[in-house]
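Handing you a structure now.
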Amino acid sequence: MGRPELPLFSPMSPDAFAPFDGLGGLCALARDAQFRLVWCNEEYARQIGETRESLIGSSPGNHLPVGLATERITHMRRVLETGRMVAFYQVWNGARWHTRIWPLDPKAFGKEGCFIVMSRALEPEPEEGEARAAVLAPAVDLGDLAVLTKRELEVYYYLASGLTTAQIADTLYRSPKTIGRHIGSIHAKMGYTKRSDVVRDATKRGLIAFSPDEWMRLVDPPKSSST
């Protein structure tokens with residue numbers, strides 16, 4: 001028998017999530033209609049760097065960057081209004097995650113709200129199925145990668161994807177010497193000693209599962225034109 005799958009449309013609760021709890025890289029939390037946290041699992045608390053008890057009552061803005069918190073609240077409002085699950089990919093805590101938000105089963109805590117599950121997404125988006133409907137969330141939380149400049153983040157992606165210095169230079173229309181300087185800066189800032197360190201770390205974070213276009217949109221989003 002295969003591993004059970006999370007339900008797509010029925011309300012969720014800690015009891016419904018229990019068969020999946022304890023799996024590595026799987027975070028879960030419940031928030032009420034005012035977006036205050038009423039429950040979370042140990043993995044979510046570990047990712048935040050606090051205890052489960054200390055997180056109770058906290059709001060998204062207490063632990064997420066402003067852009068990410070605003071985006072999360074927008075998705076939760078949509079779930080509360082429609083009663084349907086939403087799914088999206090995002091960069092949170094310096095890694096790629098597949099996030100799904102369900103209506104919270106009101107029997108769980110005696111109130112309405114949202115139930116959120118975040119799973120580490122190390123592979124590219126599947127060609128079909130439920131995950132394919134997930135959108136790319138534009139707000140990012142780069143975590144420790146925030147020390148890199150936009151150009152260094154671009155070089156980081158292509159370096160992790162296996163391109164040579166010359167190939168990266170051709171892709172970004174820069175000289176190999178300039179790309180070499182960016183690579184040296186990436187190594188110094190992130191503590192890498194060789195190219196394989198970059199590949200290993202980016203793979204662990206799931207970041208090379210983004211397409212080149214998705215990655216560029218995340219690290220250097222297009223400027224909105226004023227009317």
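The values are calculated or read from the model by the stated rules, or taken from the named source; none is laboratory data. Keep in mind that what you see is a predicted model, and the values were worked out from it rather than measured. Virtual Cβ from ideal backbone geometry, glycine too; neighbours counted across all protein chains shown. Side chains are part of the model used for accessible areas, which takes the heavy atoms of the whole protein and leaves out ligands, DNA and RNA. Shrake-Rupley method; radii C 1.70, N 1.55, O 1.52, S 1.80 Å.
If you add up the charges near His75, with Lys and Arg at +1 and Asp and Glu at -1, over every other residue whose beta carbon is less than 13 angstrom from its beta carbon, what do you get?
That sum, taken over residues with Cβ under 13 Å, equals +4.
Give, in whole angstrom and from largest to smallest, the semi-axes √(5λ) of the equivalent ellipsoid of the stretch 48-102, with λ running over the eigenvalues of the Cα gyration tensor.
Whole-Å semi-axes of the equivalent ellipsoid: 20, 15, 11.
So, one more: Over the chain, what is the percentage of antiparallel beta bridges among all DSSP beta bridges, to the nearest 5?
Among the beta bridges of the chain, antiparallel pairing accounts for roughly 85 percent.
Okay, helix-only estimate at 222 nm for the chain: each DSSP H run of n ≥ 4 adds -39500 (n - 2.57), divide by all residues, round to 500 deg cm²/dmol; what do you get?
My calculation for the chain gives -11500 deg cm²/dmol from helical runs alone.
Report relative contact order for the chain in percent, whole number only (criteria: Cα-Cα under 8 Å, sequence separation at least 6).
Relative CO of the chain lands at 19 percent.
Now for a separate question. Rank Asp201, Asp15 by accessible area, highest first, at a 1.4 Å probe radius?
Heavy-atom accessible area, descending, gives Asp15, Asp201.
While we're looking at this one, here's another question. Starting from the alpha-carbon convex hull of the stretch 148-187, give the projected area averaged over all orientations, in nm².
2.3 nm²
Let me cross-check Met76: its accessible surface, 1.4 Å probe, with only protein heavy atoms counted, in Å² to the nearest 10?
Near enough 0 Å² of accessible area.
Ok, one more. State, as an integer percentage, the relative contact order of the stretch 47-131 based on alpha-carbon contacts under 8 Å between residues 6 or more apart.
19 percent
Of Val199, Val219, which has the most accessible area with a 1.4 Å probe, and how do the rest follow in descending order?
Descending order: Val199, Val219.
Further, regarding this structure: Return the Rg/Rh ratio of the chain with Cα-based radii and a Kirkwood Rh.
1.01
May I pose another question? So what is the accessible area of the chain per residue, in Å², with the probe set to 1.4 Å?
52 Å²
Can you tell me, using C-alpha contacts under 8 Å and at least 6 residues apart, the relative contact order of the stretch 102-211 as a whole percent?
RCO, the stretch 102-211: 30 percent.
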